[in-house]
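Notes for the one structure printed next.
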Amino acid sequence: MLAEPRKEHAWLQQFVGEWASEMECSMGPDKPRQTSTGTESVRSLGGLWTLGEGKGEMPGCGPATTLMTLGFDPEKGRFVGTFTGSMMTHLWVYDGFLDETGTVLTLETEGPSFAGDGKMAKYRDIMTVLSPDHRVLTSNVPGEDGRWTEFMTAHYRRTA
């Protein structure tokens, strides 16, 4: 079961390195947006996966550590991964696709609803590569009208 990296795996390797992040998020529709900063260290696992460990202040949570895994499943023809953090008990499971331009990776997932009603909701994280040293992650949730609404934006700038 020796997997060989494909072009999609090679695409993910551009995230390997050290990054500084600036995040802005909404804690609710009637609340002001909050900002925070952090770092992310991304390494490769066999050229097939990237493992990104983030550290910083999470608005409303204090210091936090996060871990994102990203890979590509040739059998599904889809990007796959996970996200979790020291401030949560839910493991977010990603299923996604790369757009035609090769610069936007859309990752779909499901997790606890922001309503706090114990239900699950759909979410979408979109990673946009602006340059080799700058990428943006936006997190979105569908509104009551079904349109996706951004609630978090993070800019990552390469430091090494």
Legend entry - Average accessible surface area per residue within the chain, 1.4 Å rolling probe, Å²: 58
Inset, instruction - Rank Thr84, Thr101, Thr65 by mean-square fluctuation in a GNM of the chain with C-alpha springs under 10 angstrom and give only the top-ranked residue. - result: Thr101
Legend entry - Choice from Gly81, Gly143, Gly111 showing the highest fluctuation, given a GNM over the chain with Cα pairs closer than 10 Å: Gly143
Legend entry - Full-stretch length increase - Asp73, Val93 - with 0.36 nm per residue and alpha-carbon distance subtracted: 5.9 nm
Inset, instruction - Using a Gaussian network model of the chain whose springs link C-alpha atoms within less than 10 Å, name the residue from Pro112, Pro74, Pro32 with the highest mean-square fluctuation. - result: Pro32
Legend entry - the chain - percent of accessible surface contributed by carbon and sulfur, probe 1.4 Å: 56
Inset, instruction - At q = 0.09, 0.10, 0.14, 0.19 Å⁻¹, what is the base-10 log of I(q)/I(0) for segment 1-152 according to the Debye formula with one equal point scatterer per Cα and no solvent? Please give it to two decimals. - result: -0.29, -0.36, -0.73, -1.36
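The values are calculated or read from the model by the stated rules, or taken from the named source; none is laboratory data. What you see is a predicted model, and the numbers here were worked out from it, not measured in a lab. The protein model used for the area step is the full one, side chains on, heavy atoms only, and it has no ligands, DNA or RNA in it. Shrake-Rupley method; radii C 1.70, N 1.55, O 1.52, S 1.80 Å.
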